[in-house]
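Heads up, the thing below is written out as structure tokens.
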Amino acid sequence: MKYKTKSIIIGRKPRLDKDDYSNRPCFISLFDINNPHKSSIAPKKIIDFLKVNRVAIKGMDINFLLLGGDILVNDLEYVDITEKEGNILIVGKQKH
């Protein structure tokens with residue numbers, strides 16, 4: 001699905017079942033500002049995924065946030081997020 005947004009944060013969530021290693025929940029938060037990790041502004045939307053094997057990000061500059069282990073993508077015009085069989089593909093357009 002295509003979303004008009006300025007930045008996203010991709011992060012992991014705790015497993016629902018500690019013994020189930022196929023259960024890897026994650027989230028993608030959409031924001032109307034760049035560098036949302038430096039502010040207290042809440043995301044405009046949070047997309048949750050329950051069982052994820054891999055997240056692929058195509059054609060965008062990304063930042064790895066060491067403190068929380070999240071991935072930040074700034075300067076977006078839009079992002080298109082699709083999920084198929086536990087794999088998430090994120091493509092979009094960045095302003096450069």
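What to note about this one:
- Any hit, the range 17-32, residues being among the small types (Gly, Ala, Ser) and at positive phi: no
- Filtered by the rule that a residue be under 14 Å from residue 73 (Cα atoms) and acidic (Asp, Glu), the range 17-59 gives a lone residue, 32.
- Scanning the range 72-96 for residues that are surrounded by 17 or more Cβ atoms within 10 Å (Cβ to Cβ) and either of a type in the set (A, V, I, L, M) or in a strand (DSSP E or B) (or both) turns up 72, 73, 76, 79, 81, 88, 90, 92.
- Scanning the range 1-29 for residues that are touching a residue at least 40 places away in the same chain (Cβ under 8 Å) and in a loop (DSSP other than H, G, I, E, B) yields 1, 4, 5, 6.
- For residue 7, the conditions (1) within 13 Å of the chain's Cα centre (by Cα); (2) surrounded by 17 or more Cβ atoms within 10 Å (Cβ to Cβ); (3) modelled with pLDDT under 95 are fulfilled apart from (3).
The values are calculated or read from the model by the stated rules, or taken from the named source; none is laboratory data. Computed from a predicted model, the values in this text were never measured in an experiment. Quick reminder, even Gly has a Cβ in these numbers, built from the backbone with ideal geometry, and neighbours come from all protein chains shown.
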